[in-house]
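Take a look at the structure set out below.
The values are calculated or read from the model by the stated rules, or taken from the named source; none is laboratory data. Since this is a predicted model, take the numbers as computed values, not measurements. When we count neighbours, we look across all protein chains shown, and the Cβ atoms used for this are built from the backbone with ideal geometry, even at glycine.
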């Protein structure tokens, strides 16, 4: 009887949380201060309870030249409830647990939605901050490509080529939140470029991103301590390649990189400043693997082996940095040690 009463009390407490509504609009504060919901909450506190059975939304407007930084604290308690954001390019993100990891949004607006069948906890903060006023550096992409630390410092870089690809190498594949601050635009300057997405969402597709224009702008809004790397290549060097897979060298360990193959060539790519020793390979003996120190091009080509020749040549040493192993066809598994 005591247990039943205790459970009833807990249910009552959870059920009498905050009430919200659908269709809210939030504009940038004229005084520059953040917006909090509920107004009595701040990020040093635990998220308050949200009454069950609600569907609430906030449309947040963002003036040109600004971005909005959103943090959410909360957790849903059933499988059907969620927190959701939709950015100005229509990218949707849906979660059930939020721990104050920031989101970043650009003009003209984004939408925040909470739907909770059961009681939940929920609170959020929005602050509007100025975007970089202009691109700070312009780069033309050649066969060497570019490998940059994507998140350790703020920047706004423009890259030009007949087509551009991005492949992200997070420092920690189980903690990608630092990638949210890196925004990708198609175009040649911040005033006219079209926002596409952020590296967090692009990485989750499991594929390299390919631009539809001859220029992109990459902007990192906030510095982090993560050593996330971004590989930027001209797509003209990759037209014959259908699959790009990141290789992650690990010091004092044995590790593998696997390619699934297909009708096109496939590439295993490393950008780590770690020396590698290839000690084993499993691939079709009549297939070939070409090794490049840069984007696939005659200027960066080192050697080409058949599967049989490569097996006989092992072990092979590689200096690290930007290295690609391009397989002509079929599946392949490479084993390395560092």
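All of 174, 168 fail the test of being closer than 22 Å to residue 94 by Cα and either touching a helix residue (DSSP H, G or I) at 6+ places or on another chain (Cβ under 8 Å) or touching a residue at least 12 places away in the same chain (Cβ under 8 Å) (or both), apart from 168.
Looking only at residues of segment 133-157 that are surrounded by 15 or more Cβ atoms within 10 Å (Cβ to Cβ) and more than 14 Å from residue 231 (Cα to Cα), we find that the one that is nearest to the chain's Cα centre (by Cα) is 152. Residues considered: 103, 185. Of these, the only one that is under 22 Å from the mean Cα position of the chain (by Cα), free of Cβ contacts under 8 Å to residues at least 40 places away in the same chain, at negative phi and crowded, with 22+ Cβ neighbours inside 10 Å is 185. Of all the listed residues (292, 305), the sole one being within 25 Å of residue 211 (Cβ to Cβ) and either assigned by TED's automatic domain parsing to the domain that holds residue 146 or touching a strand residue (DSSP E or B) at 6+ places or on another chain (Cβ under 8 Å) (or both) is 292. Filtered by the rule that a residue be over 19 Å from residue 161 (Cβ atoms) and under 11 Å from the mean Cα position of the chain (by Cα), segment 200-224 gives 200, 201, 203, 204, 205, 206. Residues in segment 288-338 that are in a strand (DSSP E or B), free of Cβ contacts under 8 Å to residues at least 60 places away in the same chain and surrounded by fewer than 17 Cβ atoms within 10 Å (Cβ to Cβ): 301, 302, 303, 304, 306, 316, 317.
In this structure, does residue 43 turn out to be under 26 Å from residue 179 (Cα atoms) and touching a helix residue (DSSP H, G or I) at 6+ places or on another chain (Cβ under 7 Å)? So residue 43 fails the test.
Does segment 89-99 contain any residue that is over 17 Å from the mean Cα position of the chain (by Cα), part of a loop (DSSP other than H, G, I, E, B) and either over 27 Å from residue 26 (Cα atoms) or not assigned by TED's automatic domain parsing to the domain that holds residue 222 (or both)? Within segment 89-99, one or more residues are over 17 Å from the mean Cα position of the chain (by Cα), part of a loop (DSSP other than H, G, I, E, B) and either over 27 Å from residue 26 (Cα atoms) or not assigned by TED's automatic domain parsing to the domain that holds residue 222 (or both).
Applying the set (1) in contact with a helix residue (DSSP H, G or I) (Cβ under 9 Å, 6 or more places away or on another chain); (2) under 28 Å from residue 110 (Cβ atoms) to residue 186 leaves exactly one unmet item: (1). Are any of the residues in segment 40-62 farther than 17 Å from residue 17 by Cβ, outside any loop (DSSP other than H, G, I, E, B), under 22 Å from the mean Cα position of the chain (by Cα) and touching a residue at least 12 places away in the same chain (Cβ under 8 Å)? Scanning segment 40-62 turns up no residue that is farther than 17 Å from residue 17 by Cβ, outside any loop (DSSP other than H, G, I, E, B), under 22 Å from the mean Cα position of the chain (by Cα) and touching a residue at least 12 places away in the same chain (Cβ under 8 Å).
Filtered by the rule that a residue be buried (at least 21 other Cβ atoms within 10 Å of the Cβ), touching a helix residue (DSSP H, G or I) at 6+ places or on another chain (Cβ under 6 Å) and in a loop (DSSP other than H, G, I, E, B), segment 232-287 gives no residues.
Report yes if residue 121 is assigned by TED's automatic domain parsing to the domain that holds residue 225 and crowded, with 17+ Cβ neighbours inside 10 Å, otherwise no.
Details: assigned by TED's automatic domain parsing to the domain that holds residue 225: no; crowded, with 17+ Cβ neighbours inside 10 Å: yes.
Judged against the criteria, residue 121 is not a match.
Checking the structure you have, find out if any residue of segment 30-40 is at pLDDT below 85 and either surrounded by 15 or more Cβ atoms within 10 Å (Cβ to Cβ) or under 20 Å from residue 111 (Cα atoms) (or both).
Filtering segment 30-40 down to residues at pLDDT below 85 leaves none.
The answer is no, given that none of the residues of segment 30-40 is at pLDDT below 85 and either surrounded by 15 or more Cβ atoms within 10 Å (Cβ to Cβ) or under 20 Å from residue 111 (Cα atoms) (or both).
With respect to residue 107, determine if the residue is closer than 17 Å to residue 43 by Cα and not assigned by TED's automatic domain parsing to the domain that holds residue 294.
Values: closer than 17 Å to residue 43 by Cα: no; not assigned by TED's automatic domain parsing to the domain that holds residue 294: yes.
Against the criterion (closer than 17 Å to residue 43 by Cα and not assigned by TED's automatic domain parsing to the domain that holds residue 294), residue 107 does not qualify.
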